[in-house]
Amino acid sequence: MTDQQLDVLVICGSLRKGSYNAALARTLPALAPAGMKLRPAQSFEHFPIYNFDIQNSTGFPAEVNAWADAIRSADALIIVSPEYNWSIPGGLKNAIDWLSRMKEQPFKDKPVALQSAAGGILGGSRMQYHLRQSLTSVDAILFGRPEVIVTFAAQKFDEKTLELKDKTAIDMIKLQLAAFEQFIRRVSAKE
Amino acid sequence: MANLNVVSICGSLRKGSFNAMVQRLLPSLAPEGISIKPAPSFAEFPLYNADIQNSTGFPAPVNTLADAIRAADGVIFCTPEYNFGIPGGLKNAIDWVSRLQNQPFASKPVALQSASPGPVGGARVQYDLRKAMMFLDAFTLNKPEIFIGNCASKFDEKTGELKDEATRGLLKQQLSAFATFIARVAPKS
């Protein structure tokens with residue numbers, strides 16, 4: 001794991017096509033260090049709302065299993081998400097709730113970095129701290145700093161192309177991705 | 001005190017849910033003059049996506065729940081904790097409702113209850129829920145708090161009967177405090 005390229009899965013918490021967070025997620029591959037290859041996760045859009053009775057009668061839905069397999073096979077995850085009502089979007093939390101019930105639980109020991117973009121001054125930070133709390137419960141290994149919190153998102157992305165234009169944000173993302181690569185290599189299971 | 005109509009929302013969809021047992025008990029523990037009915041379910045809500053809202057509008061079950069909340073004098077959440085936080089399905093319901101005009105939780109009295117098999121009794125879900133409710137301008141009751149820890153030992157899993165007298169007393173106290181709170185925060189006529 002010291003020199004091979006890392007396979008990192010990027011999960012977006014918003015389902016909206018014009019989402020700033022989806023735009024941020026699309027920016028990442030170009031800003032990642034050479035030692036890291038980023039790929040987008042499938043959407044959790046069609047997950048049913050978690051209900052133990054579904055799990056217990058018909059089992060885990062196929063799309064949940066596919067998502068879980070993608071996470072299991074990745075070396076690490078980056079979750080890029082908006083904040084809804086001072087917390088985690090329900091859809092993203094629902095996806096985590098489904099996976100948390102699986103055997104060979106996919107988040108366990110998985111390095112995870114967080115990013116958020118939001119229209120206001122706090123840039124989704126409250127969502128990030130709730131996500132840290134839930135990811136602690138599923139035994140992920142959470143990356144600390146630097147944090148990527150893109151405030152006043154409407155001013156930082158191009159209105160038409162949704163390209164991230166803000167140099168400070170771009171530099172911070174590069175720093176985070178470089179540090180995350182080192183972090184993943186450090187916390188990965190030793191051979 | 002005038003008759004109060006309160007709706008209860010259960011955060012779990014599971015039929016045998018302990019929180020649904022709590023929810024079903026509430027009418028029998030409520031003080032005189034307060035009626036508590038279950039709110040319409042959020043089981044069929046799609047996952048929130050602004051593109052749905054902008055193309056086909058709010059789904060019918062979202063409007064149904066929102067109308068029930070608007071029409072109620074107060075809302076009681078009975079919810080489990082999932083992964084140290086709010087169940088995604090419940091949060092998704094709140095996210096949908098939060099985008100409506102005449103936002104249903106604004107100035108709405110809210111009380112929180114949680115049951116869980118562990119010792120903490122769902123404290124973390126309640127504190128996350130308090131934050132979301134604060135953002136939505138609800139009036140959330142402070143105390144008494146209801147954390148039903150080790151719930152498997154307190155309920156008869158077959159009949160749903162609450163066997164724990166202390167918990168029963170606490171629920172009665174909270175419902176009574178909630179009735180007073182609703183009267184207090186209601187607009188002055």
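Is it the case that B:G121 is in contact with a Lys or Arg (Cβ under 7 Å, 6 or more places away or on another chain) and buried (at least 17 other Cβ atoms within 10 Å of the Cβ)?
The answer is no for B:G121.
Return yes when A:R72 is more than 8 Å from chain B (Cβ to nearest Cβ), surrounded by fewer than 22 Cβ atoms within 10 Å (Cβ to Cβ) and touching a Pro at 6+ places or on another chain (Cβ under 6 Å) and no when it is not.
For A:R72, the condition - more than 8 Å from chain B (Cβ to nearest Cβ), surrounded by fewer than 22 Cβ atoms within 10 Å (Cβ to Cβ) and touching a Pro at 6+ places or on another chain (Cβ under 6 Å) - is met.
Out of everything in the range B:74-91 that is in a strand (DSSP E or B) and farther than 14 Å from A:W98 by Cα, what residue ends up being farthest from the chain's Cα centre (by Cα)?
Result: B:G74.
Of all residues in the range B:25-73, how many are at positive phi and either modelled with pLDDT of 95 or more or assigned to a helix (DSSP H, G or I) (or both)? Outline the logic, then answer.
Step one: filter the range B:25-73 for residues at positive phi, giving B:33, B:57.
Narrowing the set further to residues that are either modelled with pLDDT of 95 or more or assigned to a helix (DSSP H, G or I) (or both) leaves B:57.
Of the residues in the range B:25-73, 1 are at positive phi and either modelled with pLDDT of 95 or more or assigned to a helix (DSSP H, G or I) (or both).
Here are some residues: A:K37, A:K103, A:K108. Which one is assigned to a loop (DSSP other than H, G, I, E, B), more than 13 Å from every other protein chain (Cβ to nearest Cβ) and among the basic types (K, R)?
A:K103
Can you pull out the residues in the range B:19-50 that are closer than 24 Å to B:E165 by Cβ and within 14 Å of chain A (Cβ to nearest Cβ)?
Within the range B:19-50, B:N19, B:A20 meet the criteria.
Given the condition closer than 16 Å to B:P27 by Cα, part of a loop (DSSP other than H, G, I, E, B) and without any contact (Cβ under 8 Å) to a residue 60 or more places away in the chain, answer yes or no: does some residue in the range B:152-163 qualify?
Looking through the range B:152-163, at least one residue is closer than 16 Å to B:P27 by Cα, part of a loop (DSSP other than H, G, I, E, B) and without any contact (Cβ under 8 Å) to a residue 60 or more places away in the chain.
Matching residues to (1) surrounded by 23 or more Cβ atoms within 10 Å (Cβ to Cβ); (2) more than 19 Å from B:L170 (Cα to Cα); (3) at pLDDT 95 or above:
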residue: B:I76; (1), (2), (3): yes, no, yes
residue: B:T79; (1), (2), (3): yes, no, yes
residue: B:Y82; (1), (2), (3): yes, yes, yes
residue: B:G85; (1), (2), (3): yes, yes, yes
residue: B:G88; (1), (2), (3): yes, yes, yes
residue: B:N92; (1), (2), (3): yes, yes, yes
residue: B:S98; (1), (2), (3): no, yes, yes
residue: B:F105; (1), (2), (3): yes, yes, yes
residue: B:S114; (1), (2), (3): yes, no, yes
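List the pairs whose first member sits in the range A:55-75 and is closer than 17 Å to A:V10 by Cα, whose second member is among the small types (G, A, S) and part of a helix (DSSP H, G or I), and whose Cβ atoms are under 9 Å apart, counting only residues at least 6 apart or on separate chains?
The qualifying pairs are A:V64/A:A95; A:W67/A:A95.
Assuming A:I79 fulfils every condition listed in (1) of a type outside the set (D, E); (2) farther than 13 Å from A:G13 by Cβ; (3) within 14 Å of chain B (Cβ to nearest Cβ); (4) not in a helix (DSSP H, G or I) apart from one, which condition is it?
For A:I79, the exception is condition (2).
Give the number of residues within the range A:161-170 that are touching a residue at least 40 places away in the same chain (Cβ under 8 Å) and either assigned to a helix (DSSP H, G or I) or closer than 13 Å to A:L114 by Cβ (or both).
1
Scan the range B:157-178 for residues that are loosely packed, with under 12 Cβ neighbours inside 10 Å and of a type in the set (S, T, Y) and jot them down.
B:T159 - this is the single residue of the range B:157-178 that is loosely packed, with under 12 Cβ neighbours inside 10 Å and of a type in the set (S, T, Y).
Could we say that A:I173 is touching a residue at least 24 places away in the same chain (Cβ under 8 Å), outside any helix (DSSP H, G or I) and within 14 Å of the chain's Cα centre (by Cα) here?
no
Only one of B:S28, B:S55 is within 25 Å of B:C151 (Cβ to Cβ) and among the hydroxyl-bearing types (S, T, Y); which?
Only one candidate qualifies: B:S28.
Among the residues of the range A:27-40, which ones are touching a residue at least 60 places away in the same chain (Cβ under 8 Å) and of a type outside the set (G, A, S)?
Selection gives A:T27, A:L28, A:L31, A:P33, A:M36.
Which of the residues belonging to the range B:92-130 are in a loop (DSSP other than H, G, I, E, B), within 11 Å of chain A (Cβ to nearest Cβ) and of a type in the set (D, E, K, R)?
B:R99
So how many residues does the range A:41-54 have that are touching a residue at least 40 places away in the same chain (Cβ under 8 Å) and in a loop (DSSP other than H, G, I, E, B)?
At the first step, the residues of the range A:41-54 found to be touching a residue at least 40 places away in the same chain (Cβ under 8 Å) are A:44-45, A:47, A:49-50, A:52.
From the residues that got through so far, the ones that are in a loop (DSSP other than H, G, I, E, B) too are A:44-45, A:47, A:49-50.
Here the count works out to 5.
The values are calculated or read from the model by the stated rules, or taken from the named source; none is laboratory data. All values derive from a computational prediction rather than experimental measurement. As a convention, Cβ positions derive from the backbone with ideal geometry for all residues, glycine included, and neighbour counts pool all protein chains shown.
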